[in-house]
Amino acid sequence: MNKQYILGIETSCDETAAAVIKNGTEIVSNVVASQIETHKRFGGVVPEIASRHHVEQITIVIEEAMKKAGLDFSQLTGVAVTAGPGLVGALLIGVEAAKSIAFAHSLPLIPVHHIAGHIYANRLITEMQFPLLSLVVSGGHTELIYMEEHGHFEVIGETRDDAAGEAYDKVARVLNCPYPGGPHIDRMASEGEATIDFPRAWLEEGSYDFSFSGLKSAVINTVHNAQQRGETIVPENLAASFQESVVEVLVEKTIRAAKEYGVKQILLAGGVAANNGLRTELQKAVENLEGIELVIPPLKLCTDNAAMIAAAGSVFYEKGIRADYTLNANPGLDLESFSIK
Amino acid sequence: MKILAIDTSTNVLGVGIVNHEKVIGEYITNIKRNHSTRVLPVIDFLLKDCGIDKSEIGKIVVANGPGSYTGLRIGVTIGKTLAWTLKVPIVGVSSLKLMAASGRYFPGLISPIMDARRGNVFTGLYKYEDQKLMLVEEDKHRSAEEWGYRLKEYNQPVLFVGDDSNIHKETFTNILLNNAQFAPSSLNTAKPGELGLLGKDLDGEEAHLFKPNYLRLTEAEAKWRDENREV
Ligand SMILES: [Zn+2]
């Protein structure tokens, strides 16, 4: 079998990333230029600034990925790029760069859905076993995705309002944590105790959907009420109580879906997969289940990166998915529109 | 040597191919439609139509601003990625200078206009001297009215170029009277062939460092700067 080398490019939010993956599973190079420091002073990602940074970083990052891989463009099998969802102006930079490289070297161009990328980060750790269930949690997403085979995606649950990561960021802001707040809440939670009883949004019976806006408001109200009454709140306990509510709902729904769908694997994906509270509780819950393997990628592959885009691109390439030079960035790209079945 | 010229600074999408001194291909549209889906297909089409292989491209010229932020990034990203990966030089030419090139035979000053909302414009001042386009006042983000009074001091005819000059026609005419002249629509769409010629003799820039000249901070940065200056 010929070796397959896919160059992946990812610019959907505030990381400019490029990577080369061999045969869909092996990381040859994985370069990420983060903009976190730039956006810190604004307390969040400023889309126009993110786009400006991507333009300045894009060729540097791709060059580094190619150099580390020790490959020439002529040795590539194809170029995979995040086409959406994400910030439209940010996505555009990766899309235009990928199209230019595909054009310059007459390479196949493979469009990749960002969430498919997060899921396929797991394939860089261990081979996927179907059917499987993936819990995707990030700043922009909270979704339960069922896969019967490679390239098949069925969204069985998603958030109806805020993404889990968004709730983390907002709670972090109330507690005056520096941006990005998620890791701070996670650390504080580990130092505190869940003393406050926050709501759990289970929604209708049997639903795999999520909702975090009620919880977010409850946390904000608790802080404001305490301030008005002149009471002090132990931030660590507040963080622990908030995190317990988020994690309990995520884990319970994931386990229930895993049983109902009879899956062989549960894959954790997305930036919030780096959260220790979530990792620990999910691990505990899966230990009680027979025949289900839990896969959690290392931190570096949970946050946005291009290795995951190339890994997904490798599978899409084999399935014959191609884009032409009219490919556009699509901020609202639908995952199921990418599904093979 | 073949030069590929790309202009996506405004609603005008322009791709041109110049061979030595000669413009051999131009594609221009002036419609409000996404540049992203169209620029590479146009480059591909035009090269093929002119019978040129991409390996023959010896230089890339991009109109690098000011203009629509997103539009500029599309042209600049395609230009710098192609230049870097094809290992050819890239040069930037002011998008306003490119527009000003329409006034080649105008005996006076040329002020290319891009609307920047709220009574503001992106503009500079240019002049042809011995068939060479010279910069008189640098490209800047300015109030249209103040620009009108500034131009009045020259006491010379001024040609306003670009579709957006119509938005400020009244302002300029009120201030400059008969000295304010406006280019017809056929000269308002910047010619990508001209872009290739303007960049032909310029020294290549480092592709990695190539970026748009937005001529303006982002709103978030401007606000942050103001807030932190007061303290
Ligand atoms: Zn992500």
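The values are calculated or read from the model by the stated rules, or taken from the named source; none is laboratory data. Since this is a predicted model, take the numbers as computed values, not measurements. Heads up, the Cβs are rebuilt from the backbone with ideal geometry, glycines too, and the neighbour counts pull from every protein chain shown. Ligands, DNA and RNA are excluded from the accessible area calculation, which covers all protein heavy atoms including side chains. Shrake-Rupley method; radii C 1.70, N 1.55, O 1.52, S 1.80 Å.
When you scan region A:11-41, how many residues do you find that are without any contact (Cβ under 8 Å) to a residue 60 or more places away in the chain and either more than 16 Å from the ligand (Cβ to nearest atom) or touching an Asp or Glu at 6+ places or on another chain (Cβ under 6 Å) (or both)? Residues meeting the conditions: 8. Restricting attention to region A:290-308 and to residues that are within 15 Å of the ligand (Cβ to nearest atom) and within 21 Å of A:PHE130 (Cβ to Cβ), the residue that is nearest to the other protein chains (Cβ to nearest Cβ) turns out to be A:MET308.
Out of curiosity, is A:GLY182 in contact with a Ser or Thr (Cβ under 9 Å, 6 or more places away or on another chain), away from chain B (no Cβ under 14 Å), within 13 Å of the ligand (Cβ to nearest atom) and touching a residue at least 60 places away in the same chain (Cβ under 8 Å)? The answer is no for A:GLY182. Residue pairs whose Cβ atoms lie under 6 Å apart, separated by 6 or more positions or on different chains, with the first residue in region A:103-116 and assigned by TED's automatic domain parsing to the domain that holds A:THR326 and free of Cβ contacts under 8 Å to residues at least 60 places away in the same chain and the second away from the ligand (no atom under 16 Å from the Cβ) and hydroxyl-bearing (Ser, Thr, Tyr), are A:ALA104/B:THR85. Considering A:ALA201, A:ALA167, A:ALA226, A:ALA189, the condition of being closer than 30 Å to A:THR38 by Cα and modelled with pLDDT under 95 is satisfied by A:ALA167 alone.
Residues in region A:207-214 include at least one that is part of a helix (DSSP H, G or I) and either of a type outside the set (Lys, Arg) or surrounded by fewer than 16 Cβ atoms within 10 Å (Cβ to Cβ) (or both). Scanning region A:1-24 for residues that are open to solvent by 50 Å² or more (accessible area, probe 1.4 Å) and among the polar types (S, T, N, Q) yields A:ASN2, A:ASN23. Applying a threshold of 6 Å to beta carbon distances and a minimum spacing of six or more residues, or different chains, the list of pairs starting in region A:185-200 at a residue that is within 12 Å of A:VAL171 (Cβ to Cβ) and ending at one that is among the charged types (D, E, K, R) reads A:MET188/A:GLU236. A:GLY78: of a type in the set (Gly, Ala, Ser), away from the ligand (no atom under 15 Å from the Cβ), in contact (Cβ under 8 Å) with a residue 24 or more places away in the chain and away from chain B (no Cβ under 14 Å), yes or no? Here the answer is yes, as A:GLY78 does meet what is asked. Any residue that is surrounded by fewer than 22 Cβ atoms within 10 Å (Cβ to Cβ), within 11 Å of chain B (Cβ to nearest Cβ), free of Cβ contacts under 8 Å to residues at least 12 places away in the same chain and touching a helix residue (DSSP H, G or I) at 6+ places or on another chain (Cβ under 8 Å) - is there at least one of those in region A:84-97? The answer is no; no qualifying residue exists.
Of all residues in region A:100-121 being away from every other protein chain (no Cβ under 14 Å) and more than 14 Å from the ligand (Cβ to nearest atom), which is surrounded by the fewest Cβ atoms within 10 Å (Cβ to Cβ)? That would be A:PRO108.
Does any residue of region A:42-64 turn out to be over 27 Å from B:ILE74 (Cβ atoms), in contact with a Pro (Cβ under 9 Å, 6 or more places away or on another chain) and within 11 Å of chain B (Cβ to nearest Cβ)? Yes, the conditions are met somewhere in region A:42-64. Selection of region B:4-53 for residues being under 18 Å from the mean Cα position of the chain (by Cα) and among the acidic types (Asp, Glu) yields B:ASP7, B:GLU26.
Conditions (1) in contact with a helix residue (DSSP H, G or I) (Cβ under 6 Å, 6 or more places away or on another chain); (2) of a type in the set (Gly, Ala, Ser); (3) open to solvent by 30 Å² or more (accessible area, probe 1.4 Å), marked per residue:
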{"site": "A:PRO180", "(1), (2), (3)": "no, no, yes"}
{"site": "A:PRO183", "(1), (2), (3)": "no, no, yes"}
{"site": "A:ALA189", "(1), (2), (3)": "yes, yes, no"}
{"site": "A:ASP197", "(1), (2), (3)": "no, no, yes"}
{"site": "A:ALA218", "(1), (2), (3)": "no, yes, no"}
{"site": "A:GLY230", "(1), (2), (3)": "no, yes, yes"}
{"site": "A:LEU238", "(1), (2), (3)": "no, no, no"}
{"site": "A:ALA258", "(1), (2), (3)": "no, yes, no"}
{"site": "A:LYS284", "(1), (2), (3)": "no, no, yes"}
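Only a single item in (1) open to solvent by 40 Å² or more (accessible area, probe 1.4 Å); (2) in contact with an Asp or Glu (Cβ under 9 Å, 6 or more places away or on another chain) is not met by B:LYS48, and it is number (2).
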